[in-house]
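Everything on this sheet refers to the single structure shown next.
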Amino acid sequence: MRLFRVCLLLPLAMLGLASPPSSAQLFIVAPDFRGAPVDGSEPGIGLPIPGATPEEYRAHRLWNLRSGLNVAALQCQFSPSLRTVENYNDLLHHHSAELAAAYTGINGYFARLHGSKEGQRMFDDYSTKTYNGFSTLYAQLGFCQTSASIGRDVVAAPKGGMGEVARLRMRELRNSLVPAGERLFIPQVYEIRYEPLPPLEAVCYDKKDRLRRLCGGLAK
C-alpha cells in the first residue's frame, strides 16, 4: 500500500479557528502583527539614540510613527479605500502641537550631544534613515493595511494623544514590515492510499499468465 500526501487549503472557519474578518480592504483575515507597548528605547523601534532621556525617547517614538505613516501615504495610494493620504494629512493638522514638540525633542537630542551644527546634520541623517527604514516591497500589503488602521486611531485620538497611539502600536507597525499572507486558508494534509500495480516482468508469470509466488502471487 503506497501513500501520497495531498495538501488542501481549508477555511479556518471549517476547523473552528476562524478570526473576525478585518475591516480593512487588502485581506479577508489579516495577518496578526500585534506587539507589546514600547517606550521608544527597545531594539527595532527605530535607530539607536544612546543617552536619550525618557522625554527624548517619547519624541523618538512619535517621530518614528509619523515617518511610518508618511511613507504609507506615499506607498499605499494603490488602494484609496485605505485613506492613508487623508489620514496623514488629518493627523498633521490635528496633532500639530504634539508633532512640533516631538521635532524639537529629537532635534534637541542631537544638538545636546553633538552641538548645534553637527547635531543638525545628524538629525537630517536620522530622519532620512528613518524614512528609508519603512520602505517595503514584499510586505507592502501588510504594511499598508496596518498603517491605515493605525492612522485611523491617530486621527481619532484627542489632541495630545498621538504619543499614546505610538506607545501602543509602534511595535505593530514595525512587525508589519515582515512579509505575511492571507490567513483565511491554512494547509491541511490528507493521505491517499492505493494498491500498487503488479510486476510486469515475464519471469513473474507462468504459462497460464498467473502471477508466480516469487513475485507475490499464488502460482508456483
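The values are calculated or read from the model by the stated rules, or taken from the named source; none is laboratory data. This one's a predicted model, so the numbers in the text were calculated from it and none came from an experiment. Glycine also receives a Cβ, built like all others from the backbone with ideal geometry; neighbour counts cover every protein chain displayed.
Would it be correct to say that G160 is at pLDDT below 95, touching a helix residue (DSSP H, G or I) at 6+ places or on another chain (Cβ under 9 Å) and assigned to a helix (DSSP H, G or I)? Considered against the rule, which asks whether it is at pLDDT below 95, touching a helix residue (DSSP H, G or I) at 6+ places or on another chain (Cβ under 9 Å) and assigned to a helix (DSSP H, G or I), G160 comes out as no. Filtered by the rule that a residue be farther than 11 Å from C76 by Cα and either in contact with an Asp or Glu (Cβ under 8 Å, 6 or more places away or on another chain) or not hydroxyl-bearing (S, T, Y) (or both), region 147-156 gives I150, G151, R152, D153, V154, V155, A156. K117 falls short on exactly one of the conditions (1) out of contact with any Ser or Thr (no Cβ under 6 Å at 6 or more places or on another chain); (2) surrounded by 14 or more Cβ atoms within 10 Å (Cβ to Cβ); (3) modelled with pLDDT under 95, and that condition is (2). Just one of (1) without any contact (Cβ under 8 Å) to a residue 12 or more places away in the chain; (2) surrounded by 13 or more Cβ atoms within 10 Å (Cβ to Cβ); (3) not aliphatic (A, V, I, L, M) fails for F143. It is (1).
Given the residues R112, R83, R66, R121, which is the only one that is of a type in the set (K, R) and closer than 15 Å to G160 by Cβ?
None of the other options fit; the residue is R66.
Go through the residues of region 46-54 one by one and say whether even a single one is assigned to a helix (DSSP H, G or I), of a type outside the set (S, T, Y), under 27 Å from the mean Cα position of the chain (by Cα) and at pLDDT 95 or above. So far as region 46-54 goes, no, none of its residues is assigned to a helix (DSSP H, G or I), of a type outside the set (S, T, Y), under 27 Å from the mean Cα position of the chain (by Cα) and at pLDDT 95 or above. Return the total of residues in region 55-107 being in a loop (DSSP other than H, G, I, E, B) and surrounded by 15 or more Cβ atoms within 10 Å (Cβ to Cβ). Qualifying residue count, region 55-107: 4. Check whether at least one residue in region 131-146 is at pLDDT 90 or above, closer than 19 Å to N64 by Cβ and touching a Cys at 6+ places or on another chain (Cβ under 7 Å), and report yes or no. Scanning region 131-146, I find at least one residue that is at pLDDT 90 or above, closer than 19 Å to N64 by Cβ and touching a Cys at 6+ places or on another chain (Cβ under 7 Å), so the answer is yes. For F134, the stated conditions hold: it is surrounded by 15 or more Cβ atoms within 10 Å (Cβ to Cβ) and in contact with a helix residue (DSSP H, G or I) (Cβ under 6 Å, 6 or more places away or on another chain).
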